Amino acid sequence: MTLRFTLNGRAVEAEPADAEMPLLYLLREEPFALNGPRFGCGLAQCGACTVLVDGQAVRSCSVPAQSVEGRGVTTLEGLGTAANPHPLQAAFAAERVAQCGYCTNGMIMQAADLLARNKRPSEAEIREELAANLCRCGTHVRIVRAVARAASTMAG
């Protein structure tokens with residue numbers, strides 16, 4: 001079965017080995033070999049694998065690859081580049097959020113979904129949105145500051 005979808009703004013095709021293969025596996029393996037979405041728990045509980053599907057945050061470890069047929073998928077790599085980072089990526093760097101960095105993908109992608117829906121979220125709204133994304137390093141204060149900084153930058 002050939003799967004056709006848009007990945008980070010470009011039309012792509014892939015042939016998953018299995019119809020029920022999780023989207024995460026397809027994104028991380030050939031032909032895409034993306035490093036943004038991470039394998040964490042494999043049960044959609046930690047958020048490390050979060051990507052945007054048609055603009056909405058989803059846990060790619062629990063979504064069958066075939067479900068993105070004809071849809072748009074955005075990974076961390078599709079938000080920005082090293083030369084032109086997305087405001088969230090720039091804010092995470094400015095706030096020195098990453099310690100181990102394992103949760104960073106999920107936090108940024110979940111926050112991107114939030115900021116697309118709410119241009120000026122309160123601290124409480126940011127915390128609520130990110131509550132299901134786990135960070136074992138305890139950098140939550142810096143994460144919340146980074147999302148607020150990005151929101152401020154994006155809102156102008």
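The values are calculated or read from the model by the stated rules, or taken from the named source; none is laboratory data. As the structure is a computational prediction, the values presented were derived from the model and not from experiment. Virtual Cβ from ideal backbone geometry, glycine too; neighbours counted across all protein chains shown.
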Meets criteria (in the same structural domain as Ala33 (by TED's automatic domain parsing), within 25 Å of Leu24 (Cα to Cα), small (Gly, Ala, Ser) and more than 12 Å from the chain's Cα centre (by Cα)) for Ala65: yes
Filtered residue count, the range 99-119, keeping only those that are outside any helix (DSSP H, G or I) and either crowded, with 16+ Cβ neighbours inside 10 Å or in the same structural domain as Ala48 (by TED's automatic domain parsing) (or both): 2
The range 50-67: number of residues that are part of a loop (DSSP other than H, G, I, E, B), crowded, with 21+ Cβ neighbours inside 10 Å and in contact with a Ser or Thr (Cβ under 8 Å, 6 or more places away or on another chain): 1
From the options Gly72, Gly42, Gly9, Gly47, residue that is touching a Cys at 6+ places or on another chain (Cβ under 9 Å), outside the structural domain of Asn105 (by TED's automatic domain parsing), surrounded by fewer than 18 Cβ atoms within 10 Å (Cβ to Cβ) and not hydroxyl-bearing (Ser, Thr, Tyr): Gly42
Test: residue in the range 120-142 that is surrounded by 15 or more Cβ atoms within 10 Å (Cβ to Cβ), aliphatic (A, V, I, L, M) and in contact with a Cys (Cβ under 7 Å, 6 or more places away or on another chain): yes
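Looking only at the range 7-32, count every residue that is assigned to a loop (DSSP other than H, G, I, E, B), touching a residue at least 40 places away in the same chain (Cβ under 8 Å) and over 20 Å from the mean Cα position of the chain (by Cα) and tell me the total.
Number of matching residues: 3.
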Subset of the range 61-106 (residues that are closer than 15 Å to Ile143 by Cα and of a type in the set (Val, Ile, Thr)): Val97, Thr104
Qualifying position, being in a strand (DSSP E or B) and of a type in the set (Lys, Arg), among Arg4, Arg38, Arg96: Arg4
So Leu88, is it part of a helix (DSSP H, G or I) and without any contact (Cβ under 8 Å) to a residue 60 or more places away in the chain: no
Test: residue in the range 60-71 that is closer than 28 Å to Arg120 by Cβ, of a type in the set (D, E, K, R) and in contact with a strand residue (DSSP E or B) (Cβ under 9 Å, 6 or more places away or on another chain): no
